[in-house]
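Have a look at the structure below, then the notes.
The values are calculated or read from the model by the stated rules, or taken from the named source; none is laboratory data. Small disclaimer: the values here were computed from a predicted structure and weren't measured. With ideal geometry, Cβ positions are generated from the backbone for all residues, glycine too; neighbour counts draw on all protein chains shown. Surface areas here come from the heavy atoms of the whole protein model, side chains and all, with no ligands, DNA or RNA. Shrake-Rupley method; radii C 1.70, N 1.55, O 1.52, S 1.80 Å.
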Amino acid sequence: DVKVTQSSRYLVKRTGEKVFLECVQDMDHENMFWYRQDPGLGLRLIYFSYDVKMKEKGDIPEGYSVSREKKERFSLILESASTNQTSMYLCASSLVRDTDMSGYTFGSGTRLTVV
Amino acid sequence: LAKTTQPISMDSYEGQEVNITCSHNNIATNDYITWYQQFPSQGPRFIIQGYKTKVTNEVASLFIPADRKSSTLSLPRVSLSDTAVYYCLVGDKASGGSYIPTFGRGTSLIVHP
């Protein structure tokens with residue numbers, strides 16, 4: 001089974017801090033994604049990457065950046081954390097990027113609280 | 001323009017059959033229809049996918065009419081453990097032309113004893 005591991009289950013950070021959320025997958029998947037999930041808003045795509053050093057903005061990239069230096073690792077960076085970035089963050093990976101949407105594997109999520 | 005529309009929430013009782021319908025009026029010819037399930041405090045996981053007619057697996061059935069503008073996820077004899085959010089996905093192209101998974105708000109199913 002593909003495993004997607006997010007380094008922290010819970011994080012508490014202060015406003016203005018630089019925050020790194022790490023995600024690692026172990027099945028040589030090309031594609032990786034970062035989502036945030038908020039009550040009533042569902043999952044919203046922040047950034048995604050189809051290759052090392054490649055990144056593309058999703059629906060809500062403002063206030064975030066990403067890094068993909070190695071194929072298996074995709075990091076989400078909050079340059080200066082704000083309270084409105086308090087949320088559940090989910091990482092996903094997949095092998096293909098066509099109309100077959102069955103192969104997305106998610107991590108368990110990181111619940112970030114910014115105080 | 002939203003790719004899919006599904007009810008925000010549904011309630012059911014143990015042992016009942018639950019049907020969740022998703023509308024996707026602008027589905028493209030080569031799009032699959034895919035459903036994911038998310039339990040609390042977990043990431044979504046794939047449950048079923050189809051292109052047309054009916055698909056059945058050990059978890060659910062998926063009914064797709066001939067025009068493919070909607071689909072219905074059917075969960076037979078639900079139990080408390082089926083309480084989850086269910087997402088319907090069809091193809092969504094990013095600006096670069098590749099497909100990305102757009103999950104939206106999903107349908108929150110609560111199963112009561």
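Among the residues of region B:34-44 satisfying the criterion of being open to solvent by less than 80 Å² (accessible area, probe 1.4 Å) and farther than 22 Å from B:P76 by Cβ, which is nearest to the other protein chains (Cβ to nearest Cβ)?
Taking region B:34-44 as the starting set, the residues that turn out to be open to solvent by less than 80 Å² (accessible area, probe 1.4 Å) are B:34-39, B:41, B:43-44.
This time we only want the ones that are farther than 22 Å from B:P76 by Cβ, so: B:41, B:43.
Details: B:S41: 7, B:G43: 3 Å.
So, considering only residues that are open to solvent by less than 80 Å² (accessible area, probe 1.4 Å) and farther than 22 Å from B:P76 by Cβ, the one nearest to the other protein chains (Cβ to nearest Cβ) is B:G43.
Okay, residues lined up against (1) open to solvent by 10 Å² or more (accessible area, probe 1.4 Å); (2) touching a residue at least 12 places away in the same chain (Cβ under 8 Å); (3) not hydroxyl-bearing (S, T, Y):
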site	(1), (2), (3)
A:D26	yes, yes, yes
A:H29	yes, yes, yes
A:P39	yes, no, yes
A:V52	yes, yes, yes
A:D59	yes, yes, yes
A:Y64	yes, yes, no
A:L76	no, yes, yes
A:T83	yes, yes, no
A:A92	no, yes, yes
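Kindly indicate whether B:V111 is more than 9 Å from every other protein chain (Cβ to nearest Cβ) and in a loop (DSSP other than H, G, I, E, B).
No.
Out of all the residues in region B:62-86, which are more than 22 Å from B:H112 (Cβ to Cβ) and in a strand (DSSP E or B)?
Those that are more than 22 Å from B:H112 (Cβ to Cβ) and in a strand (DSSP E or B): B:L62, B:F63, B:I64, B:S70, B:S71.
Consider A:D100 carefully, then state whether it is open to solvent by 40 Å² or more (accessible area, probe 1.4 Å), closer than 22 Å to B:I47 by Cβ and either of a type in the set (D, E, K, R) or out of contact with any helix residue (DSSP H, G or I) (no Cβ under 6 Å at 6 or more places or on another chain) (or both).
So A:D100 passes the test.
Do you know which of the residues in region A:35-47 that are facing chain B (nearest Cβ under 8 Å) and touching a Gly at 6+ places or on another chain (Cβ under 6 Å) is modelled with the highest pLDDT?
Checking each candidate, the answer is A:L45.
Give me the residue from region B:45-80 that is without any contact (Cβ under 8 Å) to a residue 12 or more places away in the chain and over 13 Å from B:C22 (Cβ atoms) and, out of that set, nearest to the other protein chains (Cβ to nearest Cβ).
By that ranking, first place goes to B:R45.
Within region B:91-101, work out how many residues are more than 7 Å from chain A (Cβ to nearest Cβ) and either closer than 21 Å to A:R36 by Cβ or touching a strand residue (DSSP E or B) at 6+ places or on another chain (Cβ under 8 Å) (or both).
Within region B:91-101, residues that are more than 7 Å from chain A (Cβ to nearest Cβ) and either closer than 21 Å to A:R36 by Cβ or touching a strand residue (DSSP E or B) at 6+ places or on another chain (Cβ under 8 Å) (or both) number 3.
Of all residues in region B:8-33 being free of Cβ contacts under 8 Å to residues at least 60 places away in the same chain and in a strand (DSSP E or B), which is surrounded by the most Cβ atoms within 10 Å (Cβ to Cβ)? Even if it seems obvious, please write down each step before you answer.
Our first condition is that a residue be free of Cβ contacts under 8 Å to residues at least 60 places away in the same chain; within region B:8-33, this holds for B:19, B:21, B:23, B:25-26, B:29, B:32-33.
Retained after the next criterion (residues that are in a strand (DSSP E or B)): B:19, B:21, B:23, B:33.
Working: B:N19: 12, B:T21: 15, B:S23: 15, B:I33: 26.
Looking at residues that are free of Cβ contacts under 8 Å to residues at least 60 places away in the same chain and in a strand (DSSP E or B), I get B:I33.
Just give me the residues in region B:88-100 being touching a residue at least 60 places away in the same chain (Cβ under 8 Å) and of a type outside the set (G, A, S), in sequence order.
Within region B:88-100, the first condition is being touching a residue at least 60 places away in the same chain (Cβ under 8 Å), and the residues that meet it are B:88-92.
Residues satisfying the conditions are B:C88, B:L89, B:V90, B:D92.
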